[in-house]
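This report concerns only the one structure given below.
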Amino acid sequence: MAKVLLLNGSPRANGCTATALDEMVKVFNEEGIETEIIQVGNKNIRGCVACGYCGKNGKCVVDDLVNEVATKFEEADGLVVGSPVYYASPNGTILSFMDRLFYSTSFSKHFKVGAAVVSARRGGNTASFDVLNKYFTISGMPVASSTYWNQVHGFSSEDVKKDLEGLQTMRNLARNMSFMIKAFADAKEKYGLPEVERGSFTSFGDGK
Ligand SMILES: Cc1cc2nc3c(=O)[nH]c(=O)nc-3n(C[C@H](O)[C@H](O)[C@H](O)COP(=O)(O)O)c2cc1C
């Protein structure tokens with residue numbers, strides 16, 4: 001059975017971001033896709049210290065929720081990352097988590113489907129959305145889209161329940177993501193995954 005992990009970057013387990021993710025989960029259930037919501041934003045997650053431990057050991061030197069989720073991410077077919085908007089960016093905890101999750105894991109993320117979801121009271125949504133999508137697009141992960149940028153508005157869960165277009169966007173996003181996961185599974189059987197070239201790592205003008 002296909003599986004989607006949903007990360008909630010909010011410290012509030014039942015807030016606005018949670019309400020948006022719950023709306024997606026209802027659709028995943030209808031689509032026969034297994035889900036797991038992981039509460040990240042209320043944990044004490046430090047940022048990457050660029051120590052290089054993960055390059056040699058395949059996991060982060062800080063043995064916390066990042067390493068736990070890494071194992072689940074390797075098995076998953078899709079990843080949704082949800083965050084409240086803080087000062088027009090994703091919240092700091094989810095950024096620390098995503099930096100370490102993506103940097104410390106060497107398994108292939110190729111054609112796992114990604115989706116970012118943001119929740120704001122008023123502004124900063126699209127800037128935050130852009131930041132989160134970049135983890136996917138550097139990792140060969142196709143990004144699922146919807147009928148608007150994936151955002152809800154509110155200060156409380158009750159506000160988000162009144163944001164009917166926001167909730168509709170979440171449902172359409174989950175439907176599109178489900179379709180992509182199923183279609184990619186069939187396509188992998190038929191064609192295999194596309195080749196990935198590696199080896200060039202250009203930092204300077206002379207290519208060295
Ligand atoms: C530190 C902090 C910064 C915030 N910055 C913004 C902001 O830049 N724009 C905005 O619209 N809302 C901002 N908010 C409000 C939250 O993003 C918004 O209420 C969100 O929907 C809360 O989601 P949650 O209940 O999942 O935490 C901020 C809230 C906090 C605590």
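Taking the average, over residues, of other Cβ atoms within 10 Å as the packing measure, peptides 2-8, 69-75 rank 2-8, 69-75 from highest down. Note on Lys3/Tyr148: beta-carbon distance plugged into 1/(1 + (r/R0)^6) with R0 of 30 Å gives a FRET efficiency of 0.70. Computed per residue of the chain from DSSP H runs no shorter than four, each worth -39500 (n - 2.57), the mean residue ellipticity at 222 nm is -14000 deg cm²/dmol. The packing ranking, built from the mean of other Cβ atoms within 10 Å per residue, places the peptides 170-183, 137-150 in the order 170-183, 137-150, highest first. Go through Gly166, Ser178, Ser119 and say which Cα lies farthest out towards the positive end of the charge dipole of segment 111-184; charges sit on Cβ, +1 for Lys and Arg, -1 for Asp and Glu. Positive-end residue among those listed: Ser178.
In this Cβ point-charge picture (+1 for Lys and Arg, -1 for Asp and Glu), segment 1-155 has a dipole of about 500 debye about its Cα centre. The overall shape of segment 58-116 is oblate: from the C-alpha gyration tensor, with semi-axes ordered a ≥ b ≥ c, the ratio a/c is 1.5 or greater and a/b is no larger than b/c. Using only Cα atoms, tell me the angle between helix 65-75 and the longest principal axis of the chain; keep it within 0 to 90° and round to the nearest 10. That works out to roughly 80 degrees. Estimated translational diffusion coefficient (Stokes-Einstein, Kirkwood radius over Cα pairs, 20 °C, 1.002 mPa s) of the chain: 122 µm² per second. So what is the relative contact order for segment 5-81, in percent, with contacts set as C-alpha pairs under 8 Å and at least six apart? Rounded, it is 41 percent for segment 5-81. Near Val160: Cβ cut-off under 15 Å, other residues only, Lys/Arg at +1 and Asp/Glu at -1. The net charge is +1.
Read-outs throughout are calculated quantities, based only on the coordinates presented, and are distinct from any laboratory measurement. Treat the numbers as computed from the prediction; the structure is a model and nothing was measured. Please note: Cβ atoms are built from the backbone with ideal geometry, for glycine as well, and neighbour counts cover all protein chains shown.
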